[in-house]
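S.K.: Please read through the structure below; I'll follow up with questions.
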Amino acid sequence: MQNFVDYFEDTWIGKFERRTRNPPMFPYTMWSCYSNIIHEMPVTNNIVEGWNRGFLSQMRSEKPSVWSFLDTIQREQTTTELKITRERTGERMLKKKYKNLNTRLQNVCSEFDELYSDDEIEQYLRRISLII
């Protein structure tokens, strides 16, 4: 278990030495979802995986012809333009389940700076874990 703790500290949060924490291998801004949650941005790459699966299924063949590929690209372009128009008009494409989840996460994260001190970080993390 200690090997895992050492790895986690060195890689993600920084090792605690002499009353301070050294910088981690990867800065918080690179992996933290806090900013994404506050700014209503995706926190996973599920949307990319879903797009890829959908795009491949539209071609209806593992080895499509060039014409089939171009037809699929054109359909995708039309769909993308529609999505851009919807986004520009303020229409959000999230399912209700994810809207509720995002709202709850935003509420907890926006309270972080105001309500939580270093002593209460465990309570904050528990609240986040119960939501996700």
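The values are calculated or read from the model by the stated rules, or taken from the named source; none is laboratory data. These figures come from a predicted structure and were not determined experimentally. Note that each Cβ is placed from the backbone with ideal geometry, even for glycine, and that neighbours are counted across all protein chains shown.
S.K.: Is it fair to say I38 is closer than 20 Å to N102 by Cβ and either over 26 Å from the mean Cα position of the chain (by Cα) or β-branched (V, I, T) (or both)?
M.R.: yes
S.K.: Exactly one of (1) touching a residue at least 12 places away in the same chain (Cβ under 8 Å); (2) under 20 Å from R127 (Cβ atoms); (3) assigned to a helix (DSSP H, G or I) is unmet by S35. Its number?
M.R.: Only one criterion in (1) touching a residue at least 12 places away in the same chain (Cβ under 8 Å); (2) under 20 Å from R127 (Cβ atoms); (3) assigned to a helix (DSSP H, G or I) is unmet by S35, namely (1).
S.K.: Counting only residues that are surrounded by 12 or more Cβ atoms within 10 Å (Cβ to Cβ) and part of a loop (DSSP other than H, G, I, E, B), which one in the stretch 59-97 is modelled with the highest pLDDT?
M.R.: My answer is P64.
S.K.: Count, please, the residues in the stretch 115-131 that happen to be at pLDDT below 80 and either surrounded by 11 or more Cβ atoms within 10 Å (Cβ to Cβ) or not in a helix (DSSP H, G or I) (or both).
M.R.: 5
S.K.: Further question: Can we say R18 is modelled with pLDDT of 90 or more and of a type in the set (K, R)?
M.R.: no
S.K.: Next question, about the same structure. Taking E40, is it outside the structural domain of L105 (by TED's automatic domain parsing), closer than 30 Å to Q106 by Cα and not in a helix (DSSP H, G or I)?
M.R.: yes
S.K.: Quick check on L56: is it over 21 Å from I121 (Cβ atoms), modelled with pLDDT under 90 and surrounded by 10 or more Cβ atoms within 10 Å (Cβ to Cβ)?
M.R.: yes
S.K.: Just need a number here: residues in the stretch 14-35 that are under 23 Å from T103 (Cα atoms) and among the aromatic types (F, W, Y).
M.R.: Number satisfying all stated conditions: 3.
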